[in-house]
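First up is the structure itself, then whatever we jot down about it.
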Amino acid sequence: CKSAGYAFTGSNPVPTTTFFFPDLPRLSSTQREGKSVSDSKAKQPGFGFVSGSGSSTSPNCKPKLRFVKVVDGRKQPIRGLWRRGGVFYARIGIRRADGTVRDSRIPLKGRTIATAKEELSALRKKNRESGLLTPQESPQLATYVPRYLKYADLSKRQRTAKLEAMHLRHWSRAVGSLKLDQIGSRHVLGFRTEKLADGWSKRSCNLSLVILRNLFRHAMEEGLVSSIPFVAIKSMKHVPQRRRLYTIEEIDTLCEAAIRSARFGQQLADYVRLMAFCGSRCEETLHLCWSDVDWEQEQLTVGSDGQTKNHESRTVDFNPSLAAHLRLRLMLLPCFGGVWSPISVSSAVGCPALRLRSCLWVPSPVHGAQSAASTCHI
């Protein structure tokens with residue numbers, strides 16, 4: 001409010017205007033010295049906020065938080081421990097994927113100085129041993145899958161790389177938008193439940209989990225994640241179905257029928273009989289060469305090129321059926337191409353051994369002599 005009054009200068013009154021503020025509170029000693037209350041509190045260690053110009057007089061303006069050092073009982077600053085507001089922060093240098101070190105502040109869960117110091121010590125130990133990562137450095141799963149598959153194509157067998165690519169496509173569709181450090185046990189369990197409902201077997205779900213673990217191990221080697229968050233998830237118990245073994249009579253019946261009615265029936269008969277006599281798997285049989293036959297020791301080496309299930313070769317002693325089969329094949333292939341000629345290919349066709357299955361189209365191959373029972377369409 002304002003009111004008019006007169007100021008007397010000498011004997012002549014001069015009209016003046018005087019302003020009165022009856023609601024204004026009395027100033028404290030701190031304000032009389034030219035300092036606001038918030039400024040005096042901001043200078044206290046650990047308070048955690050300052051006010052800008054005019055912020056103390058505006059009721060709608062929030063105080064501006066800042067990082068302040070935390071001090072111990074002797075008023076000495078604790079190295080690496082900061083506080084902003086009511087939250088403690090650890091200041092640690094984190095090595096990034098490109099090799100550079102970035103100074104970062106990591107929020108702590110502790111609400112007291114003692115618990116915050118314990119968390120700070122644990123973070124420093126973890127940073128020294130395995131390193132810490134910021135959320136921005138962890139890529140999305142869908143982005144990282146092609147990068148991992150390039151490594152798998154160069155370091156693993158072709159069939160293994162194709163199998164991993166197939167399973168990782170399912171993972172990308174399910175959790176591809178999440179970053180690697182955001183994928184947890186609940187996402188993995190949800191994926192497994194969904195696939196079981198879609199008709200996947202327990203073995204397929206276990207294999208898919210193993211492949212995802214392989215991807216995370218490779219990401220750990222590259223420094224993109226510090227651990228596998230779903231390592232506690234165990235594989236489901238799976239009892240494999242027992243397959244029936246087939247007799248020599250049943251195998252001979254199949255081979256004779258193939259020779260009579262199929263264009264490549266002779267190749268199929270030689271291929272199946274060789275597996276039945278030596279016990280080799282489908283892919284192992286396709287890689288057998290005449291150089292793998294030791295006539296003096298009467299032994300056949302399976303997997304000399306390392307293309308076996310366990311990457312190890314093994315020797316098979318001749319039995320009467322295997323010796324007779326190999327001698328008959330050797331008599332029929334005098335001019336097929338020397339000692340490196342594949343055993344399971346006929347000279348009448350001369351197609352490479354690795355194209356034999358595509359010529360015969362043997363669906364759903366199984367190990368050893370069991371493949372003879374597969375239905376063949378020639």
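Taking VAL302 as the residue in question, decide whether it is farther than 18 Å from LEU332 by Cβ, among the hydrophobic types (A, V, I, L, M, F, W, C) and in contact with a Ser or Thr (Cβ under 7 Å, 6 or more places away or on another chain). Yes: the conditions hold for VAL302. I'd like to know if the stretch 155-165 contains one or more residues that are part of a loop (DSSP other than H, G, I, E, B) and either loosely packed, with under 14 Cβ neighbours inside 10 Å or touching a residue at least 24 places away in the same chain (Cβ under 8 Å) (or both). Yes.
Remark: pairs (first residue in the stretch 96-124, of a type in the set (Gly, Ala, Ser); second residue modelled with pLDDT under 80 and assigned to a strand (DSSP E or B); Cβ separation under 9 Å; 6+ apart in sequence or on different chains) = SER104/ILE94.
How many of the residues making up the stretch 125-141 are surrounded by 15 or more Cβ atoms within 10 Å (Cβ to Cβ) and either in a loop (DSSP other than H, G, I, E, B) or at pLDDT 85 or above (or both)? Walk me through how you get there before you give the answer.
Filtering the stretch 125-141 for residues surrounded by 15 or more Cβ atoms within 10 Å (Cβ to Cβ) gives 127, 132-133, 137-141.
Cutting the leftovers down to either in a loop (DSSP other than H, G, I, E, B) or at pLDDT 85 or above (or both) gives us 132-133, 138-141.
Counting residues in the stretch 125-141 that are surrounded by 15 or more Cβ atoms within 10 Å (Cβ to Cβ) and either in a loop (DSSP other than H, G, I, E, B) or at pLDDT 85 or above (or both) gives 6.
Checking the stretch 266-278 against the condition returns no match, with no residue being part of a loop (DSSP other than H, G, I, E, B) and on the phi < 0 side of the Ramachandran plot. Among the candidates GLU298, GLU250, GLU312, the residue that is of a type in the set (Asp, Glu) and within 42 Å of the chain's Cα centre (by Cα) is uniquely GLU312.
When ARG186, ARG147 are checked against the criterion of being without any contact (Cβ under 8 Å) to a residue 60 or more places away in the chain and surrounded by 13 or more Cβ atoms within 10 Å (Cβ to Cβ), ARG147 stands alone in meeting it.
The values are calculated or read from the model by the stated rules, or taken from the named source; none is laboratory data. Because the structure is predicted, anything quoted here is derived from the model rather than measured. Glycine also receives a Cβ, built like all others from the backbone with ideal geometry; neighbour counts cover every protein chain displayed.
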